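The next block holds one structure in the form of structure tokens; read it before the comments.
What follows is calculated from the coordinates using simple rules that are stated; it is not laboratory data. What you see is a predicted model, and the numbers here were worked out from it, not measured in a lab. Ideal geometry is used to build each Cβ from the backbone, glycine not excepted, and the neighbour counts take in all protein chains shown.
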Amino acid sequence: MGSETSHEARPSARKPLPDKADRELRILVVDDALAIRRFLTAILQDIGVREVLTAEDGNAALRAIDESSEPIDLVFCDLMMPGMDGVELLREVGQRCPGVAVLTISSLDSRLRLSVSEMAQRLGMTVLGVLGKPFTEADIRRALSRFHDLRRKGMQVSDLPMTDAEINTALSNKQVVVHYQPKVRVDSAHVVGAEALVRLRDPQGGLIAPDAFIESSEAGGHIENLTYQVIEIALRDAGAWAREGLRLNIGINLSSSAIRRLDLPEHVQAVAHSHGLSPSQVTLEITESELANATELLDVCARFRMRGFGLSIDDFGTGESGLSRLRSLPFTELKIDRQYVDGAAENEELRAILSTSIDLGKRLGMTVVAEGVQNDADWALLDTLGCDVAQGYLISRPLPGDKMMSWALRWQRLADRVAEKSRQ
């Protein structure tokens, strides 16, 4: 009874957040420094933002939100403020403004900033990044560009968890959608692969982000059905690209439940064969946190490798895998989490972690992939450090399967022109 009531009340909460032109945005700037508030306001007004609200502390910010006649789209928030600090404020903002985007302002330690960003994401906010002090107009424009990019994807990033009934309906009605984020060689910029990223299509329009249904699918026993549908779609698309001349390695994420299916290697091999793919064109990605149960993975991982599939440690650096587990499992690829890549060129601590991770992967004979590459400086650093493959918004945001061929052709032509100029 209670679940049915919840289900009826929820659909409007998961409508995709529409994008807005800059002139239609309502932005709240919270900083105890008057000069910062004025500087940010001037930049935003020059860009064309319709309405900029300002507050000198957390209490004033909450009053501005409560008294606002229309929703706030984006909050610029200083972390170090007298009275209510930025962390407390974000907690309150998350409760008042579902789906709001936030950009924190801080010169604090990078690890502390990462902790705050993770907290905000778990509260359902879209975190656009951290502005260091001092910042420039270019920094603000990049943040707004990322904001629009997320909105244009038609995906509710900070979504309410789906109910068991909603997930069951989506899977029964084949509403699984797979987008692909391209991977390219760092040294040559050649396209070499793509990671399959799952979404669910909302009957009301748009796409539902995985944060809204992965954990619920695990808890409700739907994850195997979801995983098998993703495998079928991703390998079907990869087979179609290969027949058109685009041979890519396709990366597919496996959940903890799916990994433990002893017949999974045979199933994936059969699906790959049915679409004309060899096992060497498929890499199964396992998040580092799953390695805590390494003894249960040995059977499945060993048989995947015996059949020629690649195995990747995904989000490396976010779990507690331990070197012994890296040694005992037959991985071929190490993917460094985006939080250690984005901004590493300008941050000594991130650069140290990134360098050590790349060196570890290379010494273990793995292909090293960097996630979340956002700018040229980080790309250049990855090249210097000897990273093999990169993926991220600098290269491309995730694309529908029918857009991959045209994107890859355009990218490759550009990469070839750049390489030709460098040889002249």
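Report, in degrees rounded to the nearest 10, the 0 to 90 angle that the Cα long axis of helix 264-274 makes with the longest principal axis of the chain.
80 degrees
Calculate how large, on average over all directions, the projected area of the Cα convex hull of segment 48-98 is; give the answer in nm² to one decimal.
Here the figure is 3.6 nm², rounded to one decimal.
Hey, quick one: spin label on LEU409, modelled 7 Å out along Cα-Cβ, who in segment 258-287 has an amide N within reach, i.e. under 12 Å?
The answer is none.
Please determine, in degrees from 0 to 90 and to the nearest 10, the orientation of helix 223-243 with respect to the longest principal axis defined by the Cα atoms of the chain, where the helix direction is its Cα long axis.
70 degrees
Can you tell me what the convex hull of the Cα atoms of the chain projects to on average, as an area in nm²?
Approximately 22.2 nm², given one-decimal rounding.
Just to be sure I understand: with springs between alpha-carbon atoms less than 10 Å apart, which residue in THR332, THR283, THR356 has the highest mean-square fluctuation in the Gaussian network model of the chain?
Judging by the Gaussian network model, the answer is THR356.
Step by step: find N for segment 250-291, compute 2.2 N^0.38 Å, then divide the Cα radius of gyration by it. What's the final number? Display every interim value, and only then the final one.
Working: Rg = 10.9 Å, N = 42, 2.2 N^0.38 = 9.1 Å.
Dividing the Cα Rg of segment 250-291 by 2.2 N^0.38 Å gives 1.19.
With springs only between Cα atoms under 10 Å, which of ARG201, ARG363, ARG122 fluctuates most in a Gaussian network model of the chain?
ARG363
Give, in nm to one decimal, the length gained when the segment between SER274 and ASP22 is fully stretched (0.36 nm per residue of separation minus the Cα-Cα distance). Each step should come with its number before you reach the end.
Numbers: separation 252, 0.36 × 252 = 90.72 nm, distance 4.77 nm.
Extra length from SER274 to ASP22 when fully extended: 86.0 nm.
Just how far, in whole angstrom, is segment 116-155 from segment 203-233 if you go by their alpha carbon centroids?
Measuring centre to centre over Cα atoms gives 26 Å.
Express the Stokes-Einstein translational diffusion coefficient of segment 169-270 in µm² s⁻¹, to the nearest whole number, given a Kirkwood radius over alpha-carbon pairs, 25 °C and a viscosity of 0.890 mPa s.
166 µm²/s
Rounded to the nearest 0.05, what FRET efficiency do SER188 and MET306 give with R0 = 22 Å and r taken as the Cβ-Cβ distance? Could you check? Present the calculation step by step, with values, prior to reporting the outcome.
Details: r = 31 Å, r/R0 = 1.40.
With a Förster radius of 22 Å, E is 0.10.
Using 1/(1 + (r/R0)^6) with R0 = 41 angstrom and r between the beta carbons of ARG142 and ARG327, what's the FRET efficiency to the nearest 0.05?
0.55
Over the chain, with a Gaussian network built from C-alpha contacts below 10 Å, which listed residue (SER106, SER216, SER328) shows the highest mean-square fluctuation?
SER328
Hey, what did segment 17-152 get for relative contact order, percent, Cα under 8 Å, at least 6 apart?
About 23 percent, as a whole number.
What does a probe at GLU349 reach in segment 66-108, counting residues whose amide N is under 12 Å from the point 7 Å along Cα→Cβ?
Of the residues in segment 66-108, 107-108 have backbone N under 12 Å from the label point off GLU349.
Lys and Arg at +1, Asp and Glu at -1: add these up for the other residues within a Cβ distance under 11 Å of ASP187 and post the number.
Residues close to ASP187 contribute a combined charge of -1.
Compute the length gained on full extension between ARG63 and ARG236: take 0.36 nm times their separation in residues and subtract their Cα-Cα distance, giving the result in nm to one decimal.
Between ARG63 and ARG236, full extension yields an extra 57.0 nm.
For segment 17-152, what's the radius of gyration and Dmax over Cα atoms, in angstrom?
Reported Rg and Dmax, both Å: 13.4, 37.
My understanding is that a pair violates if its Cα-Cα distance is over 25 Å; which of LYS183/LYS403; LYS174/LYS403; LYS20/LYS183 do that in this structure?
LYS20/LYS183
Once fully extended, how much extra length lies between ALA35 and THR356, figured as 0.36 nm per residue of separation less the alpha-carbon to alpha-carbon distance?
Extending this stretch completely gives an extra 111.6 nm.
Could you work out how far helix 86-96 tilts from the main Cα principal axis of the chain, as a 0 to 90 degree angle to the nearest 10?
With both axes taken from Cα atoms, the answer is about 80 degrees.
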